[in-house]
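The values are calculated or read from the model by the stated rules, or taken from the named source; none is laboratory data. Because the structure is predicted, anything quoted here is derived from the model rather than measured. Backbone-built Cβ (ideal geometry, glycine too); neighbour counts: all protein chains shown.
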Amino acid sequence: MKNLKNKALLLILTVYLLIKIPFTIKNYNLFTNIINPLSWTCIFIYVILDMKKGYFRFNINKKYCVPAIIISFINIAIYFCLGFTLGFSKSLYNHNIIAILQNFITQLLPIISIEFTRELIIARSKDNKPLIIYITILLILLEINSHTIISLITNREEMFKYICSTIIPLIAGNILYTYLTLKCTYIVTLIYRIFNTAVILLLPIIPNLDWFGVGSLSLLSIIVIYLLFKYKLIKENTSVRKKRKDFYAKLSYIVTLILSIFLICFMMGVFKYEPISILSNSMEPKFSACDVVIIEKLSESELKEIPIGTIIAYTVNKQNVIHRVVDIVKIDDTVFYQTKGDNNNSPDANLVQIEQIRGIYKTHIKYIGFPSVWLYYFFNDYNLQP
C-alpha cells in the first residue's frame, strides 16, 4: 500500500513537471501567478490528507529546531552585514500588502509543499535509496527555472554565472534537505527555507552581491548546516570513550568554516586587500596574464595623492585594468591620472577618474589566476593580448 501511494504521488509530481516545463520556458505570467500556486496548493492538500493516515511526523524537537533558527538568524545577519561593505540595492520585489501576499503565495507555498512531499515520501521509504534519489532529483527539477536557462543558453558567461549562483546551490540545498529529512526532521528544513525566503521577500533592500558572492554564501551556508547537524548526529551516537575524537572533529569543522568564510570574504573584496586576476600581458615584465594581483584599497583623500609611478587598479566599462600612473592632470581642482601599461607603446587613451580607482598594487602571485582568466577568454572568445 505504501509503495502504491508513493507511486501515485511521484506520478503526480512527474506529470506536473512535464506540464510545467513548456509553460515556464514561455514565461507565461498566468502560469507563474495563478496555475503554479494553485497546483502546489492541491499537492499540499493531497499530501496533508495522506499524512493524516499515519505518516505525519510533526516533530518539533528543540535539539534540532533551535539550531536551525540560530543558523538562519546568523546566515541572514552575515548576508546583510556584507551590505555595509559592498553596498545595498533595491529589492526586486514590491512591498505593498497585495504584492507581499502574492509573493508569499508564489514563493513560499511551493517551498512548503515541496518539503511536506519530501517528508511523506521519505517517511514511507527510508530504506529505499533509489526512490530517495529519484524524489530529490525530481524536486530539484521542479524548482529550476527553465525560462532563465533557455534565455541564457546562447550567453556562455551569463549561463556560467547563473549555474554557479543558482543551480549549484539549488542542487546542493536539495541534497541537504533530503539528508536532514532522513536523519533529523523536515521541520529543520522548513524553518531554514521559510525564514530565509521570507526575509528576502519582506525587506526593501538587499546587499549588492555579485554572482560569486551569492553562490559562495549559499554554498557556505549549506556546508555549515550539514557539518553542524552531522556533528550533532554523531555526538548522539558517540560513546564516552570517543569524546576526545569528537572534540577534534568539531575543532576541524570550526577551522574549516573560519578559513572558508575568510577566503570567500577576501575574494569578494570585503577586506582592505583584494585579489584581482590579470587578463592581459600589458604590464610585463612586472606581472603577466594569469597572475593574481593583490591591491590595497585607499581612502578618498589617499586616492587624490597617488604619486607618479604607482600601479593602480581601476575599472573601465566594468572591466578591471591595472596600469602604472605616468602623469597627474588637474582640471578645475579635480585630479585625473594618466596611465600606461609597461608593455604598451603609448599611454591609455582616457584619463582615470578618482571614482574609477579600486586600489593600488601591493604584490602579486604567479599563475593562480589561470582558471578565472581561462573562463573569461572562453566566454568572450578572446585571445591573450597586451
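Structure summary
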{"item": "Segment 93-107, residues that are touching a residue at least 60 places away in the same chain (Cβ under 8 Å) and surrounded by fewer than 17 Cβ atoms within 10 Å (Cβ to Cβ)", "result": "Y93, H95, I100, Q102, F104, T106, Q107"}
{"item": "Filter pass, P110 being under 21 Å from N6 (Cα atoms), of a type outside the set (S, T, Y) and surrounded by fewer than 16 Cβ atoms within 10 Å (Cβ to Cβ)", "result": "no"}
{"item": "The one condition in (1) surrounded by 16 or more Cβ atoms within 10 Å (Cβ to Cβ); (2) hydrophobic (A, V, I, L, M, F, W, C); (3) within 30 Å of G269 (Cα to Cα); (4) at pLDDT below 80 that M51 fails to fulfil", "result": "(3)"}
{"item": "So F56, is it surrounded by 15 or more Cβ atoms within 10 Å (Cβ to Cβ), modelled with pLDDT under 85 and in a loop (DSSP other than H, G, I, E, B)", "result": "yes"}
{"item": "Yes/no for L233 being among the hydrophobic types (A, V, I, L, M, F, W, C), surrounded by fewer than 16 Cβ atoms within 10 Å (Cβ to Cβ) and part of a helix (DSSP H, G or I)", "result": "yes"}
{"item": "Residue in segment 299-318 that is more than 19 Å from L351 (Cα to Cα), at pLDDT below 90 and either aromatic (F, W, Y) or not in a strand (DSSP E or B) (or both) present", "result": "yes"}
{"item": "Any hit, segment 150-167, residues being farther than 24 Å from I194 by Cβ, of a type in the set (G, A, S) and buried (at least 16 other Cβ atoms within 10 Å of the Cβ)", "result": "no"}
{"item": "All positions within segment 124-138 that are without any contact (Cβ under 8 Å) to a residue 60 or more places away in the chain and either outside the structural domain of I112 (by TED's automatic domain parsing) or not β-branched (V, I, T) (or both)", "result": "K126, D127, N128, K129, P130"}
{"item": "Segment 254-294, residues that are at pLDDT 75 or above, outside any loop (DSSP other than H, G, I, E, B) and small (G, A, S)", "result": "S277"}
{"item": "Test result for K90, modelled with pLDDT under 80 and either exposed (fewer than 15 other Cβ atoms within 10 Å of the Cβ) or farther than 30 Å from P204 by Cβ (or both)", "result": "no"}
{"item": "Residue match in segment 212-220 (condition: within 30 Å of P275 (Cβ to Cβ), of a type in the set (A, V, I, L, M, F, W, C) and buried (at least 21 other Cβ atoms within 10 Å of the Cβ))", "result": "yes"}
{"item": "Cβ pairs under 7 Å, 6+ apart, first in segment 298-325 and assigned by TED's automatic domain parsing to the domain that holds V352, second surrounded by fewer than 18 Cβ atoms within 10 Å (Cβ to Cβ) and hydrophobic (A, V, I, L, M, F, W, C)", "result": "L303/I354; K304/V335; K304/I354; I308/V326; I308/I328; V325/I308"}
{"item": "Filter result for L180 (buried (at least 19 other Cβ atoms within 10 Å of the Cβ), within 27 Å of I25 (Cα to Cα) and aliphatic (A, V, I, L, M))", "result": "no"}
